[in-house]
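This report concerns only the one structure given below.
The values are calculated or read from the model by the stated rules, or taken from the named source; none is laboratory data. Only a predicted model underlies this, so the values are computations on that prediction, with no experimental measurement involved. All Cβ positions, even for glycine, are placed from backbone atoms using ideal geometry, and neighbour counts span all protein chains on display. Only protein heavy atoms, including side chains, enter the accessible area calculation; ligands, DNA and RNA are left aside. Shrake-Rupley method; radii C 1.70, N 1.55, O 1.52, S 1.80 Å.
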Amino acid sequence: MTKRVYNFYAGPATLPLQVLKKAQEQLLDFDNTGISLMEISHRSKQYDLVHKEASNLVRQLMGISNEYKIMWLQGGASSQFWMVPLNLKIEGKPMDYVNTGTWSKKAIKEAKYYGKVNVVASSEDKNFSYIPNNIIFSDDASYAHITGNNTIYGTEYHEWPNTSPDVPLVCDMSSNIMDKKIEANRFGIIYAGAQKNIGPAGVTLVIVREDLLDRVDENTPTMQKWKTHADKDSLFNTPPTWAIYICKLSLEYLKSIGGVSAIEKINRDKANILYDIIDKSDGFYKGHAKKDSRSLMNITFRLPTEELEQKCVSDAIDQGLIGLKGHRSVGGMRASIYNAMSKEGVKKLANFLIEFKEKNQ
Ligand SMILES: *Cc1c(COP(=O)(O)O)cnc(C)c1O
């Protein structure tokens, strides 16, 4: 058997073994074509089926209505940081943002190239350990932007803020797309780099309400307009076919295990297992996120000393538990337990943490 470790990296991240096996099986000969999917024209009938099915699965799994377009773009979630203001900004109307961490800040920085940005709420005062309550967006904003899950700090929105009907809510869901049921019609735009929760690096899922596609200035370079990609079903130019194919396999797998409501239950169980250990460790493990803001996807915590943190990360590697070193902005440890991380992997990590505490406290 191939050696497989439990991978807690924040992204690119673990994929379901079934998905990797299926891709391996079909690597040389895709559906009896005699060639690899990597070698097939993006205009071929075989690829077209893959492409359409990937988008249909997004629609079904997230409950996205026909008012929305589903796009597969390149340039990462980071390119959406500028594509959002470029495509949505209305002259004379500010752009509202909530600052909940590193990724929010990067989004804000890019929006400032396009006009006036209002940061209406921030959790920077406490090193981004919480999601602000009672967020109020202005009624005359071009749009309102939030970061659904803060990958580095381990915080996540559990309720979505309201916006007035004319102000579309824009959400960066790179690290929590499909981790739980959402009412998709609350959002104007949802975007997510695929490499954390739904696939490999190289493709970004962008879901846009159709009426918002017409805001962009006509004198904008073709590739920069969402409308170009939406009108051509993400086939204006060559899309990242292999990455979209792997997303399709992983979404198919998600559907086969019961879809988003089934994975939400599993995700809550997984997160509870680890938060329980933190809460019952008499302060040995200290969670970074405030309890009501805790992420289902990224569990961030510290140990009593940096030496112990380093030892914990390296002892974990010896047990086949990798990628647990925290981001430098928080320090300590971070367990990224995306949809594809099994409950077995989380239980193994839990047992390791319990033993580590007993030996080292
Ligand atoms: C990883 C991440 C990004 C950056 O994604 P790229 O695809 O690397 O540009 C943006 N936002 C969030 C919330 C992330 O977790």
When you scan the stretch 57-80, how many residues do you find that are more than 17 Å from the chain's Cα centre (by Cα) and either outside any loop (DSSP other than H, G, I, E, B) or outside the structural domain of LEU212 (by TED's automatic domain parsing) (or both)? 3
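Restricting to the stretch 117-154, name every residue that is in a loop (DSSP other than H, G, I, E, B), away from the ligand (no atom under 14 Å from the Cβ) and under 17 Å from LYS105 (Cβ atoms). Outline the logic, then answer.
So in the stretch 117-154, the residues in a loop (DSSP other than H, G, I, E, B) come out as 123, 127-142, 148, 151-154.
Going one step further and asking which of them are away from the ligand (no atom under 14 Å from the Cβ), we end up with 123, 127, 129-130, 132-142.
Matches in the stretch 117-154: SER123, ASN127, SER129, TYR130, PRO132, ILE135.
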Restricted to the stretch 213-242, and to residues that are of a type in the set (A, V, I, L, M, F, W, C) and in a helix (DSSP H, G or I), which residue is nearest to GLU53 (Cα to Cα)? TRP242
Residues within the stretch 175-186 that are open to solvent by 10 Å² or more (accessible area, probe 1.4 Å) and not β-branched (Val, Ile, Thr), tallied: 5
Pull up the stretch 22-37, narrow it to residues that are open to solvent by 70 Å² or more (accessible area, probe 1.4 Å) and over 14 Å from LYS248 (Cα atoms), then point me to the one that is farthest from the ligand (Cβ to nearest atom). ASN32
Given the conditions (1) of a type outside the set (A, V, I, L, M); (2) at pLDDT 95 or above; (3) away from the ligand (no atom under 16 Å from the Cβ); (4) in a loop (DSSP other than H, G, I, E, B), and given that ASN176 satisfies all but one, which numbered condition is not satisfied? (3)
The stretch 1-21, residues that are within 16 Å of the ligand (Cβ to nearest atom) and either open to solvent by 60 Å² or more (accessible area, probe 1.4 Å) or in contact with a Lys or Arg (Cβ under 8 Å, 6 or more places away or on another chain) (or both): PHE8, TYR9, ALA10, GLY11, PRO12, ALA13
So, in the stretch 130-177, of the ones that are under 13 Å from the mean Cα position of the chain (by Cα) and hydroxyl-bearing (Ser, Thr, Tyr), which residue ends up farthest from VAL216 (Cα to Cα)? THR155
Is it true that some residue in the stretch 267-286 is away from the ligand (no atom under 16 Å from the Cβ) and closer than 18 Å to ARG59 by Cβ? no
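Out of the residues in the stretch 187-201 meeting the condition of being more than 12 Å from LEU251 (Cβ to Cβ) and either within 9 Å of the ligand (Cβ to nearest atom) or of a type in the set (Asp, Glu) (or both), tell me which one is surrounded by the fewest Cβ atoms within 10 Å (Cβ to Cβ).
Within the stretch 187-201, the first condition is being more than 12 Å from LEU251 (Cβ to Cβ), and the residues that meet it are 187-193, 195-196, 200-201.
With either within 9 Å of the ligand (Cβ to nearest atom) or of a type in the set (Asp, Glu) (or both) added as a condition, the list becomes 191-193, 195-196, 201.
Details: TYR191: 26, ALA192: 26, GLY193: 26, GLN195: 25, LYS196: 29, ALA201: 16.
It comes out as ALA201.
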May I ask you to list the residues in the stretch 89-105 that are open to solvent by 20 Å² or more (accessible area, probe 1.4 Å) and within 23 Å of HIS158 (Cβ to Cβ)? THR102, TRP103, LYS105
The stretch 321-361: number of residues that are hydroxyl-bearing (Ser, Thr, Tyr) and surrounded by 17 or more Cβ atoms within 10 Å (Cβ to Cβ): 2
Out of all the residues in the stretch 156-173, is one or more surrounded by fewer than 24 Cβ atoms within 10 Å (Cβ to Cβ), within 9 Å of the ligand (Cβ to nearest atom) and closer than 22 Å to LYS105 by Cα? no
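Among SER261, SER250, SER234, which is open to solvent by 20 Å² or more (accessible area, probe 1.4 Å) and farther than 30 Å from GLU124 by Cβ?
Values: SER250 fails: open to solvent by 20 Å² or more (accessible area, probe 1.4 Å); SER234 fails: open to solvent by 20 Å² or more (accessible area, probe 1.4 Å).
Within the list SER261, SER250, SER234, the selection yields SER261.
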Looking at the stretch 39-84 only, could you name the residues that are open to solvent by less than 60 Å² (accessible area, probe 1.4 Å), within 16 Å of the ligand (Cβ to nearest atom) and aromatic (Phe, Trp, Tyr)? TRP72, PHE81
With the structure loaded, tell me whether ALA316 is under 22 Å from GLY148 (Cβ atoms), surrounded by 13 or more Cβ atoms within 10 Å (Cβ to Cβ) and of a type outside the set (Asp, Glu) or whether it fails that test. no
Contact list please: Cβ distance under 6 Å, first residue in the stretch 142-163 and in contact (Cβ under 8 Å) with a residue 24 or more places away in the chain and within 13 Å of VAL120 (Cα to Cα), second residue assigned to a strand (DSSP E or B) and away from the ligand (no atom under 11 Å from the Cβ), pairs at least six apart or on different chains. TYR143/VAL170; ALA144/ASP96; ALA144/LEU169; HIS145/TYR97; HIS145/VAL170; ILE146/VAL98; THR163/ALA144; THR163/LEU169
